[in-house]
Every structure is written in C-alpha cells, then in structure tokens.
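In what follows, a single structure is set out as structure tokens and then discussed.
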Amino acid sequence: MLGAWLLLWGGLALGCRGETAFLQRADDSAGRCTYSFTVASPIEAACPDASGMPEMRAELAALAARLSRLETRERGTGGSGPRGGEAEAARLEAAYSELLQAKGHWAPDQGVGILGGNGPALSPLRRGMAVRGAGSAPAHPAPGPAAGPRWDPQPLAYQELQSERTEVPVSRLLGETTLGRPGSKDSAGCGELVWVGEPLVFGRAESIAGKYGVWMKDPEPVPPFTRETTWRVDAVGTEVRQLFQYEAAEQLAQGYPTKVHVLPRPLESTGAVIYRGGLFFQPRRSRAVARYDLRGEAVTAEREIPGAGYHGQYPYSWGGYTDIDLAVDETGLWVIYSTEKARGAIVLSKLDPETLEIRRTWETNIRKRGVANSFLICGTLYTVSSYSAPNATINFAYDTATSTSRALSIPFENRFRYLSMVDYNPAERQLFAWDSFNMVTYPIRLSRL
C-alpha cells in the first residue's frame, strides 16, 4: 500500500508536463491491491519544485500518515481479505479525490493544471471520478478482486480555454430585435409598454422660441397630407400662432418648412396633436379644446372641458401651462387634464375627433403635478417621472379597460435635461418628444397580449 502512495506522489511530482498519464490497479503476489500511476515527463527540469510549496508538503505528509494508519487498521481487522480490500479501495478513492481537490487550489494561475499539462483545465480522469468527501460511503459497491478495474484509464489531453467579454447596453440589444423595431410585423397589435430605447435627434430649434415646443405626424392623414408630413410649433411666447409644415422629417432637420399656417387663435402650451387632418389644441387662457382643419385652414370645432384647470392651475411638474394635454393612440383622441373635484389627480376623457364631444371620462389616482409628462398607448396612460433627470423612468400606468393603476420602472433617458413634450404615434410605434430645443424620437417595445 505504501508503494502505491509513493507511485502516486512520484507521478504528481515528476509528470506535471506529461502529455499522457495512466492509472493501473493490480493484485500483487500476496493478494494485496496495488495502484500504479504513471506520467510521461520528457522535461523533468520544467516541473515546479514541491519544496517551494510548504502547504502542499504538509498536506501530502498528512495524507501519507493517514494512508499508513488505514493500512495498519485493515491488517488488524483482517482487511487483507476481499471485503477488507474493497473498503480499502473505497477509502483510497476518497483520499485520492481529496488530494486532487487540494492540489487544484495550489496550481499556479499560468502553471500546470491538475495531473499535468498547461492551463487550468481539469483532467478527464478527475471529471470521470465520483468525487466524495473523506469517510463517505461510495456511490456504488466496490467490485471484488475478480472484477474489472473501477477506473478506465484513457490517454489524457488538455486544452487551454480562453474567454472574451464585451459590454453591450441592454437598450441596444433590445432595439436590435424584431420586436424593438417600429412598424415590424411582430410589433403589430396592442400590448403593454415594456421598453423605451435611446432618443434619436431629428432636428433642433435654433431660436429661443424653440426651447420647448411640439412636433408631430398624423397617424391617420387625409390627402394631400401623408404620414411623412411633419408638423412643428415653437411654443415659447405669448402669441403662439405659427404652425410649420414640412414634407418630411428630413426637411424639418434642414429647417426649411413647406408652408407656415397662421392660426386664427393663439394656442397655449405643448399639448397639441395632429390627427385625421386636423390640429387639436388648447386656445390660450381657456379650458376649451379646438380643432383646426389643415386643408380648409379654419377652426371647425371647439368645446369646453367641464371643470378643467387651465393656465397654470394643474400643469405637469415642468410647468409651461401644461394643464390640458391632448394625445392620440390606437383607440382615438384623448384629453389629459385635472379638475378641482379630482384635487389635482389626472383625469382622462375620450373625445369625438369631429365634434370634440366627451364620450367617457376616467379619474385616476396619479397626481398631475407629480409627473413630468404623459402619453397613451392602447388605452393605457403612461407617465414620465422627471423632465430634467438624465435617467428618468416611465413610473406609472393607468389602464382604462380595468380602471386600475400600477407603478412601473421603465428606464427613460432625458438626454438634454428639459423634456417639455412627449406623445405617442401609433402608426410609427414611436414616442415623439421635445427636449430642450431638440426634436427626438424614442423606439419602444410592447408586450404581446
């Protein structure tokens, strides 16, 4: 038995650079089981000196003493018989496994691996063994002397493994998926908002009148306008009457409008929208909503929103007289406001786009002054937490189908730190926003219902 230990130690000490290794078991002439471990070592001088590893020497010495005690105990209890040989073989397996685990901790980072070879790879022999702690029972009964060897030694080969890590923003990964692309087949239909991507700048207002404003496209245009026709209003000033028309967003980026509409009444704030050939806006210093026909260039409808606050009574947190905010989604035209009865909470009303008659109203529990802006997608109201924090969130949702609200935490980037307008375009499946002179869009992703 001590000879088996010496062979094992010799294989580990001298065969650290070997290309092949063999472990054999055989009965000697006295009927004792002998284990032989052989490792080829073409360059003996390249092996590390075990004397430089005092912890390993101490552990190996303790293991040698333990093996000697096991041998003595087996001899005293008749362990030389078949049953004693089986128990001793099981204990040797456990001790050998323990030795391999200990040596794995001592192997240098760039030095030899377990049982030789370069790199940190584990040997196939070690992977094939059932690793058990000292003193635990074997997983399977040990075979008798006449049975075949427990281990099936195979030539060992080693491969050095390498890995590389590249950090990619989550927003970019999601944006590159099919669901993240606006207008894709998989994004068709309604769902819940689950992701908002990074903003893309389409244009910039150069004058102080464009610090905040509103820009939009018609999701359901009427001729001669198309979905590419783009509209813009610079909302700074006491007499905001100019509505700029562009043939496409690219023309808006160049700053050359096709036409400038002069509204018969000045509008207030950044809550206007374009829908079905009309501009819907809040006339200045009123709680009314008006429709300006883009083809006839005249106001064709106007209706007061009962009890709605206006001109600074219930604005969003950024101010700007944003008491009355219009929105469009897949279900139609909405108006977002608050009343004295609601005590500043957001109130939603569905409007008829031709007559501006209120079809239905919902009162939420979301404080209007507590959010920076809001928009609707598929009949659900979503709010933005901050207009100036660079890493804001979509923080609340109110579902008009169930009349319930819930908290959210969807990341939303305010790149230029002054978000004064955000609206949803159901045709393009994007958010349109105005962020401190900059007209931007956000790609979104909806879950499937």
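Note on Tyr418/Ala58: beta-carbon distance plugged into 1/(1 + (r/R0)^6) with R0 of 51 Å gives a FRET efficiency of 0.15. Rounded to the nearest 20 debye, the dipole size of region 189-446 about its Cα centre is 560 debye, using +1 on the Cβ of Lys and Arg and -1 on the Cβ of Asp and Glu.
Mind scanning Lys211/Lys368; Lys211/Lys341; Lys217/Lys350 and naming the pairs with a C-alpha gap bigger than 25 Å? Check vs 25 Å cut-off fails for Lys211/Lys341.
Solvent-accessible surface of protein heavy atoms, probed at 1.4 angstrom with all chains present, puts Lys350, Lys259 in the order Lys259, Lys350, largest first.
How many angstrom separate the Cα center of region 396-426 from the Cα center of region 288-319? So the separation of the two Cα centres works out to 21 Å. Taking the 1.4 Å solvent-accessible surface of region 189-446 as the whole, the part contributed by carbon and sulfur is 47%.
Rolling a 1.4 Å probe across the protein heavy atoms gives region 189-446 an accessible surface of 39 Å² per residue. Taking packing as the residue-averaged number of other Cβ atoms within 10 angstrom, the listed peptides 401-408, 262-269, 320-327 run from highest to lowest as 320-327, 262-269, 401-408. With each label modelled as a point 7 angstrom along the Cα→C-beta vector, the Ser388-Asp293 pair spans 4.4 nm. Only the Cβ atoms of Lys and Arg (+1) and of Asp and Glu (-1) were treated as charged; on that basis the dipole of region 207-247 about its Cα centre amounts to roughly 140 debye. Amide H to amide H, with H built 1.01 Å from N, Thr331 comes under 5 Å of Cys378, Gly379, counting only residues 5 or more places away or on other chains.
With the cut-off at under 18 Å, measuring from each backbone N in region 392-428 to a point 7 Å along the Cα-to-Cβ line of Arg204 picks out 414-420. The Cα atoms of region 189-446 give a gyration tensor whose axes a ≥ b ≥ c have a/c under 1.5, which makes the shape rounded. Remark: region 239-319 carries a charge dipole of roughly 220 debye about the Cα centre, counting +1 on each Lys and Arg Cβ and -1 on each Asp and Glu Cβ.
With a/c under 1.5 counting as rounded, go ahead and sort region 301-363 into rounded, prolate or oblate using the C-alpha gyration tensor (a ≥ b ≥ c being the square roots of the eigenvalues; past the cut-off, prolate if a/b is larger than b/c, else oblate). Because a/c hits 1.5 or more and a/b exceeds b/c, region 301-363 counts as prolate.
The values are calculated or read from the model by the stated rules, or taken from the named source; none is laboratory data. It should be emphasised that the depicted structure is a prediction, and the values quoted were computed from it without experimental measurement. Cβ: placed from backbone, ideal geometry, glycine included. Neighbour counts: every protein chain shown. For the accessible areas, the whole protein counts, side chains as well, though only heavy atoms, and no ligand, DNA or RNA atoms are used. Shrake-Rupley method; radii C 1.70, N 1.55, O 1.52, S 1.80 Å.
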